[in-house]
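Notes follow once the structure below has been shown.
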Amino acid sequence: RNLKRHMECRRDIGTLNFRFLSIYESLIPEEEEKAKQKQLLTLLEKLVSKEWPKAQLFLYGSCANSFGVSKSDIDVCLAIDDADINKSEFLLKLADILQSDNLQNVQALTRARVPIVKLKDPVTGISCDICINNVLAVVNTKLLRDYAQIDVRLRQLAFIVKHWAKSRGVNETYQGTLSSYAYVLMCIHFLQQCKPAILPCLQGMQTTYSVTVDDIQCAFFDQVERLRHFGSHNKESIAQLVWAFFNYWAYHHDYANDVISIRTGSIISKREKDWTRRKGNDRHLICIEDPFEISHDLGRVVDKFSIKVLREEFERAAYIMQYDPDPCVTLFEPY
Ligand code: ATP
Ligand code: MG
């Protein structure tokens, strides 16, 4: 009721929707770009299989989870069933192989949290990160892609939120703000808890897909084509959802006690997870549970300075959605 009353104050709601939808559409990658990504993947497969015939390549991250905007880099996971590989040595060798095939800027980052080889393909102009055996990321990519197929409003909301986060400089994990992955989880959570719900909780339903990765069982309902009407009782449009999303993170989320969890489709308590105080570098100032690595808080990068920045940005966005004459411009103004 509150939401309706607030948004009805905006006489321009129809126009606002139209403009958010245009922004969303302008961010969707062209088919041509998708084709180029495939082309690069095929080239990489060819090079890798010469050296390691049993290795498999998977796309993961935003190029495969349907939350990728145009001109994004691609993320590739090289899966190889060899228990005693030394990742650093492997990556250095991989970098060598790729370098000798005319790929540009080949760089092995063996000391990163997730060690990778970076490269740029001069033919397609696409940059790419390759990691080794990060199969959980491939599975969480599938989970996100499956959620996106249930209701188009998830993809619309996530594109707007990611675009906002990039414009406002709050999508930088090395500066203590949140990853794109974390923002998409926040959007899924938001659409699971709104009333009537727009998204179900796939991990709370009958298991139709199940894999065990690094001793973690990943199980969920993946016949999402059967859920196409799930959110149809909720008629809220994208402008209303953007407003409500920012309002939730500005004024309604209980930062002191709550953890958002798309795994359970609800809020769980920090106390239950023992995330009430700082442990090492994990401060748990905003808590976002990973759907599979449940001991992993995607908010752990946030520190006492960046939490302020983030919350002020949520408040700014909520204010703009409520009062600004031209939210579609002001919201995305560079910081
Ligand atoms: P962008 O469009 O900004 O590149 P992205 O979805 O590719 O968005 P990244 O932050 O590049 O986001 O992450 C790539 C993928 O790696 C994610 O989609 C997710 O599958 C996985 N990932 C990233 N961060 C984490 C994390 N902290 N824990 C688990 N998986 C993660
Ligand atoms: Mg990426």
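Read the figures in this text as sums done on the coordinates, not as results from a lab. Predicted model only: the values in this text are computed from it and were never measured. All Cβ positions, even for glycine, are placed from backbone atoms using ideal geometry, and neighbour counts span all protein chains on display.
How many percent of the alpha carbon pairs in the chain exceed a separation of 29 Å?
Taking all Cα-Cα pairs of the chain, the fraction more than 29 Å apart is 42 percent.
Kindly identify segment 89-248 as rounded, prolate or oblate by the Cα gyration tensor criterion: order the square roots of the eigenvalues as a ≥ b ≥ c, call it rounded if a/c is under 1.5, otherwise compare a/b with b/c, prolate if a/b is larger, else oblate.
prolate
Give a residue-ordered list of calculated ³J(HN,Hα) values for segment 272-282 (Karplus: 6.51 cos²θ - 1.76 cosθ + 1.60, θ = phi - 60°; whole Hz; x for Gly, Pro).
4, 8, 6, 10, 7, 9, 5, 10, x, 8, 8
Which of VAL48, VAL242, VAL184 ends up with the largest GNM mean-square fluctuation for the chain, with Cα atoms connected below 10 Å?
It is VAL48.
Classify segment 232-287 as rounded, prolate or oblate from the Cα gyration tensor: take a ≥ b ≥ c as the square roots of its eigenvalues, call it rounded if a/c is under 1.5, otherwise prolate when a/b beats b/c and oblate if not.
Judged from the Cα gyration tensor, segment 232-287 comes out prolate (a/c at least 1.5, a/b above b/c).
Using 5 Å bins from zero, what percent of all Cα-Cα pairs in segment 31-136 falls into each bin?
Here the calculated profile for segment 31-136 is 2, 12, 25, 27, 19, 10, 3, 0.
Working from Cα positions, state the angle (0 to 90°, nearest 10) between the long axis of helix 152-167 and the longest principal axis of the chain.
That works out to roughly 80 degrees.
With +1 on each Lys and Arg Cβ and -1 on each Asp and Glu Cβ, and nothing else charged, work out how big the dipole of the chain is about its Cα centre, in Debye to the nearest 20.
900
Among bridges DSSP assigns within segment 31-136, what percent are antiparallel (round to 5)?
75
Would you mind checking the pairs LYS162/LYS195; LYS195/LYS235; LYS54/LYS93; LYS273/LYS308; LYS71/LYS166; LYS46/LYS120 and listing those with alpha carbons more than 18 angstrom apart?
As for pairs spanning more than 18 Å Cα to Cα, those are LYS162/LYS195; LYS273/LYS308.
Please build a GNM for the chain, connecting alpha carbons under 10 Å apart, and tell me which residue among ILE288, ILE132, ILE216 fluctuates the most.
ILE216
Considering only the other residues whose Cβ falls under 11 Å of the Cβ of LEU119, what net charge follows from Lys and Arg at +1 and Asp and Glu at -1?
Value of the local net charge: -2.
With everything on Cα atoms, drop me the angle between helix 180-193 and the longest principal axis of the chain, reported from 0 to 90° to the nearest 10.
Roughly 40 degrees, rounded to the nearest 10.
If you fit an axis through the alpha-carbon atoms of helix 135-150 and take the longest principal axis of the Cα set of the chain, what angle between them do you get, 0 to 90°, nearest 10?
Orientation of helix 135-150: about 40 degrees from the principal axis.
What order, most packed first, do the peptides 145-155, 220-230 have when packing is the mean number of other Cβ atoms within 10 Å of each residue?
So the order, starting with the most tightly packed, is 145-155, 220-230.
Report, in deg cm²/dmol and to the nearest 500, the calculated mean residue ellipticity at 222 nm for the chain, where each DSSP H run with n ≥ 4 adds -39500 (n - 2.57) and the sum is divided by the residue count.
Computed mean residue ellipticity for the chain: -13000 deg cm²/dmol.
Where does the charge balance sit around ASP274 when Lys and Arg score +1, Asp and Glu -1, over other residues with C-beta under 15 Å from its C-beta?
Local net charge: +3.
Using a Gaussian network model on the chain with a 10 Å cutoff between Cα atoms, which of GLN99, GLN203, GLN192 fluctuates the most?
Result: GLN99 has the largest fluctuation of those listed.
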